[in-house]
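Remarks on the structure that follows.
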Amino acid sequence: AETGYDLWLRYQPLDASTVQRVAPKLRYVVADGSRPTIRAALDELDRGLAGLIGSAPAHASAVRGEGGVVLATAGSPLLAGMKLPLAALGREGFLLRTTTIGGAKVTLIAANSDTGLLYGSFRLLKLLQLRAPIDALDVQDAPKLQLRVLDHWDNLDRYVERGYAGQSLWDWQKLPGYKDPRYTDYARANASIGINAVVPNNVNANADILTAPYLQKVKALAEVFRPYGIRIYLTARFSAPIEIGGLKTADPLDPAVRAWWKAKADEIYAVIPDFGGFLVKANSEGQPGPSDYKRSHADGANMLADALAPHGGVVMWRAFVYSEHNDADRHKQANDEFVPLDGKFRDNVLLQVKNGAIDFQPREPFHPLFGAMPKTPLMLEVQITKEYLGFATHLAYLGTMWEEVLESDTFRPRAGSTVAKVLETPVAPKALTGMAGVANIGTDVNWSGSQFDQANWYAYGRLAWDPDAKAEDIARDWARLTWSPDPAVVTPIVAMMLESREAVVNYMTPLGLGHVMATGHHYGPGPWVSDLARPEWNPTYYHRADADGIGFDRTPTGTNALGQYAPQVAKRWGDLKTVPDSLLLWFHHVPWDYRLRSGETLWNSLIAHYDTGIATVEGMQRRWAGLEGKVDARRWAEVRDFLAIQRQEAQWWRDASIAYWQSLSKRPLPAGHLAPP
Ligand code: GCW
């Protein structure tokens, strides 16, 4: 039965005529299977071709006529005499070419590293899954970012913070003795989309992960991941020297603390020689950090960076920092904190910045730090798990959301400097680049809690590889790989995916609203909540609605968070004549009767957006109903039921939100507003 376990690597049999066409070209593979990563590539080619064309290829040590797939790294005698543009591919790129070796027409996969060959093998299989012709291949590809990271917010007791797909995959109790084969399937899935770094534990960190027994368990995971080109990183709890080191302080300038971290790094590298480094959440939401000792974030990050540097490790230091002791608009706090530190971090530190300044809302403007720290490598952090977008039950394809951020023009240093360009352009010749995604993966059979949430894992990998990729192309590939190559299936699925995120925005946070979710779980509506201990956790802090109007004035008459953006951005978003409706209430406080550029009043438009959100979900239900019998029954029924939940809860969002707004605005519901059934 279809469960979704195979993700986008289903390798379903090709139809007979396609098999006729491609099978003779893929009869044997020439590769050095004694190298672990090439072994992984061979295993995948065996598995994929067995599924797709009905038989695994033979393994050969030399070209022996037509029908060969040849895997070769730079310098291999197999490539003698060929002029290949390998230099342009970097360490992880690959090329895929139909060419002639020893007089025989073969399919060549060439790269500078074994990982490149693995990526090329996955690409060949993907082309076959997509029924693309493989007779005259000439593909060349390389990732645009160096670190393509999955961050798991998994606790050591297997509870996943903001996880909606079951327990943590990592069964620490059975590690290191038992390496669940699922870890290998996880690594395969990641490698197939180019993810090359994994942080298995939560940023709200438990220092125990850094103790000797846990390092043995981490080592076992690293051994599974290594052949797949994936390095393991760990979150470092800033107070670890006190908690597991027996020191009295964790002050980053204290010599004993520095020595402790250095010794800890040496210990980790003795166990895991290719350990990647640390991810750190410090002085945020109660986590310990350098500010506890009146030291800067640079002091904290640099101490860890110095401990890792001799081993080639890096520090990913999170910019998600705000404090209840700071009266400034939360939107401004990270910039206030970090911009003055530009240029003060070691070369092996990256600053990891969420896509928006608040917190993974259904829509946020891009974070003003992008473009504002020209001397500091910045990573984008996105949330694949849908904490604020309806968990796993609401269908929301996030490719379009991330594309919106990546395409945003920061105007820094110049027009056209999109967030994608900021990420892709190293701040110095050898500087680090990267992107991180908070994983949506757990022990559920379908990995991600729903069939469609697999698309978000997939899209994240594709965008981390190429931040300029198009969300629609990614959705189409995913739909074809995951559901069916039949255009009658692909077209409606892609349409659903492309409209889905805006539907969520419409029924949860229309017109630039944000952070109006109920407290704690963040699943349902709670715009009325105003009594939480920390003011910046209250929805009322964000929407500022009262009898007169609604919205957060972040222009110069308000908090002027807009002043943290480039002047071109501040001007456009700060002016009511030019701010897009989609960000109106994020930056402006306006009266309920304010006229939008469409001529509609804000009040009527607000109601219309909620209605549109529900209508879009109903449209998705209709599209899905049309696919009954065209996709397997089990996955189809699951999606149908989830859409029904989403429809019901979209209405919950609308009705609860409107009832609350109406208690303030005292405006009548406009004619034509969808009445509750
Ligand atoms: O989105 C918020 C979440 C917290 C999370 C925090 C963070 C890991 O509500 O659960 O903690 O962000 O990103 O650190």
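Restricting attention to the stretch 484-504, the residues that are among the hydrophobic types (A, V, I, L, M, F, W, C), surrounded by fewer than 24 Cβ atoms within 10 Å (Cβ to Cβ) and either in the same structural domain as residue 653 (by TED's automatic domain parsing) or touching a Leu at 6+ places or on another chain (Cβ under 9 Å) (or both) total 2.
Right, residue 156: away from the ligand (no atom under 16 Å from the Cβ) and either hydrophobic (A, V, I, L, M, F, W, C) or in contact with a Lys or Arg (Cβ under 9 Å, 6 or more places away or on another chain) (or both) or not? Even if it seems obvious, please write down each step before you answer.
Details: away from the ligand (no atom under 16 Å from the Cβ): no; either hydrophobic (A, V, I, L, M, F, W, C) or in contact with a Lys or Arg (Cβ under 9 Å, 6 or more places away or on another chain) (or both): yes.
Taking the combined requirement at face value, the residue does not satisfy it.
Going through (1) more than 16 Å from the ligand (Cβ to nearest atom); (2) surrounded by fewer than 24 Cβ atoms within 10 Å (Cβ to Cβ); (3) in a loop (DSSP other than H, G, I, E, B) one by one, residue 450 falls short only on (2).
For the criterion of being aliphatic (A, V, I, L, M), at pLDDT 95 or above, crowded, with 23+ Cβ neighbours inside 10 Å and within 16 Å of the ligand (Cβ to nearest atom), residue 307 fails. Restrict the check to the stretch 356-364 and report whether at least one residue is more than 16 Å from the ligand (Cβ to nearest atom) and surrounded by fewer than 24 Cβ atoms within 10 Å (Cβ to Cβ). Scanning the stretch 356-364 turns up no residue that is more than 16 Å from the ligand (Cβ to nearest atom) and surrounded by fewer than 24 Cβ atoms within 10 Å (Cβ to Cβ).
In the condition set (1) surrounded by fewer than 19 Cβ atoms within 10 Å (Cβ to Cβ); (2) closer than 13 Å to residue 504 by Cβ; (3) polar (S, T, N, Q), residue 601 is compliant with all but (2).
A single entry from 377, 413, 429 fulfils the requirement of being of a type outside the set (Asp, Glu), surrounded by 20 or more Cβ atoms within 10 Å (Cβ to Cβ) and more than 29 Å from residue 507 (Cβ to Cβ): 377. Contact map, the stretch 353-369: first residue outside the structural domain of residue 419 (by TED's automatic domain parsing) and part of a loop (DSSP other than H, G, I, E, B), second residue modelled with pLDDT of 95 or more and away from the ligand (no atom under 13 Å from the Cβ), Cβ cut-off under 6 Å, separation 6 or more or different chains; the map is empty. Taking each residue of the stretch 154-168 that is within 17 Å of residue 386 (Cβ to Cβ) and assigned to a strand (DSSP E or B) and looking for partners that are of a type in the set (Val, Ile, Thr) and within 12 Å of the ligand (Cβ to nearest atom) with beta-carbon atoms closer than 7 Å, six or more apart or interchain, yields 154/160.
Can you confirm whether the stretch 384-405 contains a residue that is in a loop (DSSP other than H, G, I, E, B), within 12 Å of the ligand (Cβ to nearest atom), hydroxyl-bearing (Ser, Thr, Tyr) and in contact with a His (Cβ under 9 Å, 6 or more places away or on another chain)? Yes - at least one qualifying residue is present in the stretch 384-405.
Residue check: residue 323 meets all listed conditions (1) within 14 Å of the ligand (Cβ to nearest atom); (2) under 22 Å from the mean Cα position of the chain (by Cα) but one, namely (2). Checking the conditions here, which among 395, 389, 350 is under 19 Å from residue 427 (Cα atoms), at pLDDT 95 or above and either buried (at least 24 other Cβ atoms within 10 Å of the Cβ) or of a type in the set (Phe, Trp, Tyr) (or both)? Going through 395, 389, 350 in turn, the sole match is 350. Among the residues of the stretch 331-348, those identified as in contact (Cβ under 8 Å) with a residue 60 or more places away in the chain and touching a Ser or Thr at 6+ places or on another chain (Cβ under 9 Å) are 331, 332.
Would you call residue 473 surrounded by fewer than 23 Cβ atoms within 10 Å (Cβ to Cβ) and under 19 Å from the mean Cα position of the chain (by Cα)? Against the criterion (surrounded by fewer than 23 Cβ atoms within 10 Å (Cβ to Cβ) and under 19 Å from the mean Cα position of the chain (by Cα)), residue 473 qualifies.
Yes/no matrix, rows are residues, columns are (1) outside the structural domain of residue 190 (by TED's automatic domain parsing); (2) surrounded by 16 or more Cβ atoms within 10 Å (Cβ to Cβ); (3) of a type in the set (Lys, Arg); (4) more than 19 Å from residue 130 (Cα to Cα):
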| site | (1), (2), (3), (4) |
| --- | --- |
| 20 | yes, no, no, no |
| 28 | yes, yes, no, yes |
| 42 | yes, yes, no, yes |
| 52 | yes, yes, no, no |
| 60 | yes, yes, no, yes |
| 68 | yes, yes, no, yes |
| 81 | yes, no, no, yes |
| 86 | yes, yes, no, yes |
| 100 | yes, no, no, yes |
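Within 25 Å of residue 144 (Cβ to Cβ), more than 16 Å from the ligand (Cβ to nearest atom) and basic (Lys, Arg): which single residue out of 231, 182 fits that description?
Going through 231, 182 in turn, the sole match is 231.
In the stretch 137-153, the qualifying residues are those that are within 11 Å of the ligand (Cβ to nearest atom) and assigned to a loop (DSSP other than H, G, I, E, B), and the one that is nearest to the chain's Cα centre (by Cα) is 152.
The values are calculated or read from the model by the stated rules, or taken from the named source; none is laboratory data. Small disclaimer: the values here were computed from a predicted structure and weren't measured. Counting neighbours? That spans all protein chains shown, and the Cβs are built from the backbone with ideal geometry, glycine included.
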